[in-house]
Amino acid sequence: MTKKALISGITGQDGSYLAEHLLGLGYEVHGLVRRVALEAPQKRFGRISHLLDDLILHPASLESYPSIFHVISQHNFDECYHLAAQSFVAESFADGFSTLNTNINGTHYVLAALRELRPKCRFYFAGSSEMFGNADEVPQKETTSFQPRSPYGISKVAGFHLTKNYREAYGLFCVNGILFNHESPRRGFEFVTRKTTSAVAQIKLGLASELRIGNLEAKRDWGHARDYVSAMHLMLQQEKPDDYVIASGETHSVRELCELAFGVVDLDYRDYVKVDERYYRPAEVDLLVGDAAKARKVLGWKLRVSFAELIQEMVLSDLEAYSSTTVGALSTAEAAGLSGAKP
Ligand code: NAP
Ligand code: F7E
């Protein structure tokens, strides 16, 4: 029988790759989408425009329990991937209240509706390496304690515990993926990888002259989003629900990212990158690197794309996009960080 999956956050980076992955496996794929002012489909659904004929989209918002309850009451879902969230750490400092509200209550609404209506539906929560924050061990694994450093990290710790509590208290099949940074040509422009690769493309094409950036010494464990969504699916196919770290096991600084990205087009980052303290965070996470040994062993999960391949793919994709006429239409905000808008 065809399996039915529900994805919240289907318009985001991970949602789009996961939808592709599940459609490829023969699933009937449903998505929750909220109404926004900009309804032009090519913009609004840019990441899933190539899939629209194959998806079933439902209007709902993480702010509204009735809207989530209604969608879940309509279909007998086998799997639910809860990816929707305010996902930008810097924004969580700017507006902690909305981030906590959306990320914590939104998660609770989905869990509560599943418990009420679809207790057999398997649930995936998009946990994050930001939960480790000021981690007390390197590399971080499933047993590492959480020391979050931002409202975003705090919201994900709460979501993690809600998910675990529904598993333990009500016997639902609930898993936490603890995913380290994952990127792609579909990454939002405000995140440091895409901010950098889009700037590199524009500088190379003569459309910009510099990249203003924050802390060059922060270190992250970066992988390709396509590799990471396959792990989400594997987690829901196990006999028992559990929590898993997904990471590349390598860490690189933002400086190395810049060096690599500018190097793809034979430029020296030192000629274009300007440190701008406006992009520093009130509390930084200095170093993250994950140990995905458990996922490799239990799930058979494998990382396929290296950091260098990922950054090259992103730079080349941005070069192609900015060379074409459509990109001329990208707004300054979308191309964030080249001068004005704070990412
Ligand atoms: P993303 O590109 O920012 O996508 C976020 C999604 O959430 C979008 O579809 C967005 O819809 C939706 N959303 C936000 N607020 C909503 C609301 N109030 N109601 C309904 N939908 C809402 O994020 P991503 O990179 O794909 O990440 C997916 C999930 O994994 C997030 O929970 C993120 O926190 C988590 N995560 C990401 C990473 C990473 O490195 N990418 C690592 C660990 C964990 P709109 O299109 O309407 O804005
Ligand atoms: O920052 C530093 C910044 O915004 C990475 C989200 O997907 O991954 C992501 O969160 C690092 C930080 O991602 C700039 O201070 C320097 O140390 O790309 P980012 P993030 O905060 O790690 C985790 C796992 C998630 O769960 C989140 O949803 O880069 N950095 N200069 C900068 N960052 C940005 N954005 N802009 C800069 O100019």
Given (1) within 15 Å of ligand 2 (Cβ to nearest atom); (2) farther than 26 Å from LYS195 by Cβ, identify the lone condition not met by SER87. (2)
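Conditions tested, residue by residue: (1) within 23 Å of ALA231 (Cβ to Cβ); (2) in a helix (DSSP H, G or I); (3) among the polar types (S, T, N, Q).
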{"residue": "LEU303", "(1), (2), (3)": "yes, no, no"}
{"residue": "LEU310", "(1), (2), (3)": "yes, yes, no"}
{"residue": "GLU313", "(1), (2), (3)": "yes, yes, no"}
{"residue": "GLU320", "(1), (2), (3)": "no, yes, no"}
Pairs returned, first residue in segment 273-298 that is under 24 Å from PHE88 (Cβ atoms) and in a helix (DSSP H, G or I), second residue that is among the β-branched types (Val, Ile, Thr) and at pLDDT 95 or above, beta-carbon separation under 8 angstrom, 6 or more apart or interchain, are TYR279/ILE213
Scanning segment 5-46 for residues that are assigned to a loop (DSSP other than H, G, I, E, B) and in contact (Cβ under 8 Å) with a residue 24 or more places away in the chain gives GLY9, ILE10, THR11, GLY12, LEU25, GLY26, TYR27, ARG34, ARG35, PHE45
Residue under evaluation LEU62, criteria (1) in a loop (DSSP other than H, G, I, E, B); (2) more than 16 Å from ligand 2 (Cβ to nearest atom); (3) over 16 Å from ALA5 (Cα atoms), criterion not met: (2)
So in segment 209-221, with the set limited to residues that are open to solvent by 10 Å² or more (accessible area, probe 1.4 Å) and either free of Cβ contacts under 8 Å to residues at least 24 places away in the same chain or within 16 Å of ligand 1 (Cβ to nearest atom) (or both), which one is nearest to VAL157 (Cα to Cα)? ARG220
Here is a list of conditions, (1) open to solvent by 10 Å² or more (accessible area, probe 1.4 Å); (2) in a strand (DSSP E or B), and GLU116 meets all of them except one; can you say which number that is? (2)
If you take the residues in segment 69-84 that are within 16 Å of ligand 2 (Cβ to nearest atom) and part of a loop (DSSP other than H, G, I, E, B), which one is surrounded by the most Cβ atoms within 10 Å (Cβ to Cβ)? ALA84
Let me confirm something: among ARG149, ARG122, which residue is closer than 24 Å to LYS302 by Cβ, open to solvent by 50 Å² or more (accessible area, probe 1.4 Å) and either within 11 Å of ligand 1 (Cβ to nearest atom) or among the basic types (Lys, Arg) (or both)? ARG122
Restricting attention to segment 1-27, which residues are among the hydroxyl-bearing types (Ser, Thr, Tyr) and either within 16 Å of ligand 1 (Cβ to nearest atom) or over 15 Å from LEU52 (Cα atoms) (or both)? THR2, SER8, THR11, SER16, TYR17
Restricting to segment 227-245, and then to whatever is crowded, with 21+ Cβ neighbours inside 10 Å and part of a helix (DSSP H, G or I), can you tell me which residue is farthest from ligand 1 (Cβ to nearest atom)? MET235
Given the conditions (1) open to solvent by 20 Å² or more (accessible area, probe 1.4 Å); (2) within 16 Å of ligand 1 (Cβ to nearest atom); (3) of a type in the set (A, V, I, L, M), every one holds for LEU179 apart from (1)
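The values are calculated or read from the model by the stated rules, or taken from the named source; none is laboratory data. Since we're looking at a predicted model, the values are computed, not measured. So basically every Cβ, Gly included, is an ideal-geometry build from the backbone, and we count neighbours across all protein chains shown. Side chains are part of the model used for accessible areas, which takes the heavy atoms of the whole protein and leaves out ligands, DNA and RNA. Shrake-Rupley method; radii C 1.70, N 1.55, O 1.52, S 1.80 Å.
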